[in-house]
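Here is the structure we will look at, set down as structure tokens.
The values are calculated or read from the model by the stated rules, or taken from the named source; none is laboratory data. As the structure is a prediction and not an experimental result, all values here were calculated from the model. Glycine also receives a Cβ, built like all others from the backbone with ideal geometry; neighbour counts cover every protein chain displayed.
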Amino acid sequence: MSDSSLGYRVPARVTVIGAGIVGLSCAWSLQEHGIEVCVVDRARPGSGASWQNAGYVSPAICAPLPEPSILRYGVRAVLSPRSPVSLVHATDPRLVRFLAAMVHSCRTSTWRRSMAAYRALNERVVDSYRHQLDGGVSMELTEGNVIACFADPRESSGFLHEMEEIVGAGQAAELSLLTGDEAREAEPHLSERVSMAVVVRGQQYLTPSAYVAALAKSVRERGGKILENTPVTAVERRRGVLVARGQGDGLEAEAMVVAAGAWASNLLAGHGVRVPVYGGRGYSFTVAVESPFRSPLYLPVARVAVTPQGGRARFAGIMEFGPPDAPSRPARIVHMLEAAQPMLRDIDWSTKADDWMGARPLSADGLPLVGTTKTPGLFVAGGHGMWGMTLGPLSGALLATQIATGVVAPELAPLDPCR
Ligand SMILES: Cc1cc2nc3c(=O)[nH]c(=O)nc-3n(C[C@H](O)[C@H](O)[C@H](O)COP(=O)(O)OP(=O)(O)OC[C@H]3O[C@@H](n4cnc5c(N)ncnc54)[C@H](O)[C@@H]3O)c2cc1C
């Protein structure tokens, strides 16, 4: 370690556990500070939630999950087998603990406090991506208006209320309402069933798998190591160094970052992190389209996002609270497809392919966990839930600066992992 002007001892090398968008962004930003990195993943880069998610980079709608209406909606929803929300292994004690903590956070006052933290982050999202782009990470980040579509205008009240709260918290968001015909003019794939839409202007989207692969390539090209198929079973501090235990002797480093997505809590026991992180499993698939979608769409009643991916469109949705490694349930994809189908037209559904399941790393209080643990040298970057693609590059950059300087950015104060 070297001494910085602040008297903080800067690690020369950092091991990052987890090669999703958050771990890779952190590693990439550490390299910006001249710190050597080694990223280890139990499988390969992007093998968690970061691979085939919806790919919205959408700060205007990026907000904490726990809020009072999800209690009303959630209880009704989990009782219906076709609902977009469900529980896997309902008796898992970790799920019970997670849900109890999340229910505790479903209060308007808590949501508003958390939203203030999100707002401060959201303001910097566009710059965080621009910084990676300027630094040589190749990505196709496309500008687009998110169109939220409804069959019946009365169905829009929940979404509009949520947007009112977000804007009321000071979040910049440019909204407009469209009739069904206007919505079809903006996006010809919308069917006659759509009778109104809410447009959230000036957002962005990308193909996550291509972006994560480019980020991993950039980390390697800048001299970073990425060790694949290297599961870590525990992290401990021994004789002044951190040891990531796994196969063989384990890996030693002066500083480590746990960026293990929905698996993070497995590695954080005993390090003073009390907020549980649990899997919010989602599913996606693609279909081929002759004329590409013009805009990302959101179907709030079905809870499905549709993202243009050139000659295909990706459909993503479902929230299954469950362990990330429990078998995926293909019926969920069928339910998602059936819920989205009536709202769309001119799609050859027989071209459906690329079925995928990934677990969002949900923190029980809805705030990411980014910062130090009680164990010296051990940091966390995770718990971004529904919004890791939007916030990942920024979280990685802010944590890297903290590791490189010892200074905690004001945006990170509410994300203290030991809160
Ligand atoms: C259906 C769906 C749609 C989504 N849509 C969006 C969206 O449109 N916009 C948005 O902002 N976000 C979206 N998200 C959320 C986003 O995908 C996640 O928040 C984000 O990918 C989390 O990134 P991460 O790096 O923290 O975790 P992950 O990508 O899960 O990465 C964690 C990595 O850690 C590795 N790992 C775990 N345990 C260990 C261990 N013990 N040892 C070594 N390695 C380990 C895993 O193999 C994995 O590669 C969506 C998620 C889903 C499921």
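Would you check if there is a residue in the stretch 132-150 being more than 28 Å from Pro208 (Cα to Cα), in contact (Cβ under 8 Å) with a residue 40 or more places away in the chain and under 22 Å from the mean Cα position of the chain (by Cα)? Looking for residues that are more than 28 Å from Pro208 (Cα to Cα), in contact (Cβ under 8 Å) with a residue 40 or more places away in the chain and under 22 Å from the mean Cα position of the chain (by Cα), one finds none in the stretch 132-150, hence no. Search the stretch 365-419 for residues being within 9 Å of the ligand (Cβ to nearest atom) and outside any helix (DSSP H, G or I), and hand back the single one that is nearest to Glu36 (Cα to Cα). Among those that are within 9 Å of the ligand (Cβ to nearest atom) and outside any helix (DSSP H, G or I), it is Ala381. For Met196, work out the one condition from (1) touching a Phe, Trp or Tyr at 6+ places or on another chain (Cβ under 6 Å); (2) within 14 Å of the ligand (Cβ to nearest atom) it doesn't fulfil. So the condition that Met196 fails would be (2).
Being free of Cβ contacts under 8 Å to residues at least 60 places away in the same chain, over 15 Å from Ser50 (Cβ atoms), within 15 Å of the ligand (Cβ to nearest atom) and surrounded by fewer than 20 Cβ atoms within 10 Å (Cβ to Cβ) is a condition met by no residue of the stretch 204-225.
When Ser47, Ser80 are checked against the criterion of being more than 16 Å from the ligand (Cβ to nearest atom), of a type outside the set (Asp, Glu) and either modelled with pLDDT of 90 or more or in a loop (DSSP other than H, G, I, E, B) (or both), Ser80 stands alone in meeting it. The criterion of at least 3 residues that are crowded, with 20+ Cβ neighbours inside 10 Å is met by the following helices (runs of 4 or more DSSP H) wholly inside the stretch 106-201: 108-122, 125-134. Remark: pairs (first residue in the stretch 87-102, under 17 Å from Pro66 (Cβ atoms); second residue assigned to a helix (DSSP H, G or I) and modelled with pLDDT of 85 or more; Cβ separation under 7 Å; 6+ apart in sequence or on different chains) = Leu87/Leu95.
Of these, Leu362, Leu299, which one is within 15 Å of the ligand (Cβ to nearest atom) and within 26 Å of Cys26 (Cα to Cα)? Matching residue, one of Leu362, Leu299: Leu362. For Val243, the conditions (1) outside any loop (DSSP other than H, G, I, E, B); (2) within 9 Å of the ligand (Cβ to nearest atom); (3) surrounded by fewer than 24 Cβ atoms within 10 Å (Cβ to Cβ) are fulfilled apart from (2).
Scanning the stretch 22-44 for residues that are surrounded by fewer than 24 Cβ atoms within 10 Å (Cβ to Cβ), more than 6 Å from the ligand (Cβ to nearest atom) and of a type outside the set (A, V, I, L, M, F, W, C) gives Gln31, Glu32, His33, Gly34, Glu36, Arg44.
When the stretch 342-355 is filtered for residues that are surrounded by fewer than 16 Cβ atoms within 10 Å (Cβ to Cβ) and not in a loop (DSSP other than H, G, I, E, B), the ones remaining, listed by number, are Pro342, Trp349, Ser350, Thr351, Ala353, Asp354, Asp355.
The residues of the stretch 383-408 that are under 9 Å from the mean Cα position of the chain (by Cα) and closer than 12 Å to Ala259 by Cβ, listed by number, are Gly383, His384, Gly388, Gly392.
Quick check on the stretch 53-61. Is at least one of its residues polar (S, T, N, Q), in contact with a strand residue (DSSP E or B) (Cβ under 7 Å, 6 or more places away or on another chain), closer than 30 Å to Thr286 by Cα and at pLDDT 85 or above? Scanning the stretch 53-61 turns up at least one residue that is polar (S, T, N, Q), in contact with a strand residue (DSSP E or B) (Cβ under 7 Å, 6 or more places away or on another chain), closer than 30 Å to Thr286 by Cα and at pLDDT 85 or above.
Among the residues of the stretch 302-331, the one identified as among the aliphatic types (A, V, I, L, M) and away from the ligand (no atom under 15 Å from the Cβ) is Ala331.
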